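The values are calculated or read from the model by the stated rules, or taken from the named source; none is laboratory data. Predicted model only: the values in this text are computed from it and were never measured. Don't worry about glycine lacking a Cβ; one is built from the backbone with ideal geometry, like all the others, and counts go over all protein chains shown.
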């Protein structure tokens, strides 16, 4: 073996083996390339691969003569805002149309609620007026005015009964309105979250994401 290594051919083979081992070792233990960016230092093991920096978006990565060039763009850059705007094109318009549709369904219900609330206000005014008369009659002569006082109290009882009926009707109307109002509230939230996504890249809440999926937007 020593004789073989001492020959010229043996030396050549030995050198080739050593070089081969060196290349393998370099491939395994290759030091990371370090790319300095203002405020960031990124280590790149394999040039050309995608690099992710928390809170940043890598716009491009290119390899030129083994030099890795990285351009980092902030989440609020004009380029990213334009890109996100394009990605959610039509989202807000659709959501606002849904809101308008739900508001149209609520409008007659709300009108009925408002009308019944107005009736209650009138009845309460009647009760207050009669109670004022009762107080005056009692002050004047409760015994002599007993008949009028009883009549006025009977009227008050009737007004209160009417108010109870109206309040029950309002409660039922509110229950009918509630599902539509919830849809309006959710779509209003989604509009706000889509606009926040455009401005900052903020993630959608679970409720908003489910709503956008239901509308086949995402």
Of 209, 175, the only residue that is closer than 29 Å to residue 107 by Cβ and out of contact with any strand residue (DSSP E or B) (no Cβ under 7 Å at 6 or more places or on another chain) is 175
Among the residues of region 180-203, which ones are in contact (Cβ under 8 Å) with a residue 12 or more places away in the chain and in a loop (DSSP other than H, G, I, E, B)? 201
With respect to residue 105, is the statement that it is at pLDDT 95 or above and surrounded by 13 or more Cβ atoms within 10 Å (Cβ to Cβ) true? yes
From the list 146, 118, which one is surrounded by fewer than 13 Cβ atoms within 10 Å (Cβ to Cβ), more than 40 Å from the chain's Cα centre (by Cα), free of Cβ contacts under 8 Å to residues at least 60 places away in the same chain and over 30 Å from residue 197 (Cα atoms)? 146
